[in-house]
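The values are calculated or read from the model by the stated rules, or taken from the named source; none is laboratory data. All figures in this text were calculated on a predicted structure; none of them were measured in a lab. Neighbour counts run over all protein chains shown; Cβ positions are idealised from the backbone, glycine included.
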Amino acid sequence: MITALRLGNEDAFTEVYKRLYQRIYLFANKFVDQAADAQDLTAETFAQLWQRRQTFSSMDAVRAFLFVTVRNRCFNLLRHRNMKEERRSELLQLLESEDTGDFYLEQVHIEVMRRIYAEVEKLPPRMKEIFLLSYQEGLKPAQIAERLQIKVQTVTNQRVSAIRLLQSVLRGDPLAIAFLLLLLENERGFLS
């Protein structure tokens, strides 16, 4: 039978499979304790046997190969499971820590502000300039008017128009609207 297996005879391979599958499967199942995983590992081991069939000189060598290979596959699976569980535990610890709450809040803030400023970039040039001078540089309407050599009322009108446009565009994103309103609240002096 070993000669036929080495020559690629599928019937010989089927015979080896029938003789040894159950023993290899039960051996694997002792390690991984999950039938589906044991079946997969056993099937992969037999597939590897087929690929390396030309290297075996006896049935003892085939048996030894199958047991060693499935054992190694089981260890690899268990190692992978442990690594996943460790990563999961680390992530849970990170999520439960107080610092992480601040970190994620900061990440949300950054993402929402990025969205708001992406919309600001789409504003007409003068309106955009006034909005940025107001909220990035913190200038008052009179300072903006002086810098741009326009009337204070024009600054106020452009700023109000920018806010209305942004509210309109961000209407479907309640979080972005909330941050925009917070931004406006912090600049309440600008409205007066």
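Side notes on the structure shown:
- Restricting attention to the range 43-64, the residues being closer than 14 Å to R19 by Cβ, surrounded by 14 or more Cβ atoms within 10 Å (Cβ to Cβ) and of a type in the set (D, E, K, R) number 1.
- Flag for R6 being surrounded by 14 or more Cβ atoms within 10 Å (Cβ to Cβ) and either in contact (Cβ under 8 Å) with a residue 12 or more places away in the chain or at negative phi (or both): yes
- Of the helices (runs of 4 or more DSSP H) entirely within the range 1-78, those holding at least 1 residues that are touching a Leu at 6+ places or on another chain (Cβ under 8 Å) occupy 10-32, 35-51.
- Among the residues making up the range 125-172, those that are of a type in the set (G, A, S) and buried (at least 18 other Cβ atoms within 10 Å of the Cβ) are S134, A145, A162.
- For the range 150-171, the candidate set comprises residues that are part of a helix (DSSP H, G or I) and touching a Leu at 6+ places or on another chain (Cβ under 7 Å); within that set, the residue that is nearest to E119 (Cα to Cα) is L166.
- For the range 111-149, the set of residues classified as in contact with a Phe, Trp or Tyr (Cβ under 8 Å, 6 or more places away or on another chain), farther than 20 Å from Q167 by Cβ and part of a helix (DSSP H, G or I) is empty.
- Residues that are polar (S, T, N, Q) and modelled with pLDDT of 70 or more within the range 146-192 comprise Q149, Q153, T154, T156, N157, Q158, S161, Q167, S168, listed in sequence order.
- Of all residue pairs spaced 6 or more apart or on separate chains, those with beta-carbon atoms under 6 Å, a first member in the range 160-174 that is in contact (Cβ under 8 Å) with a residue 24 or more places away in the chain and a second member that is part of a loop (DSSP other than H, G, I, E, B) are A162/L123.
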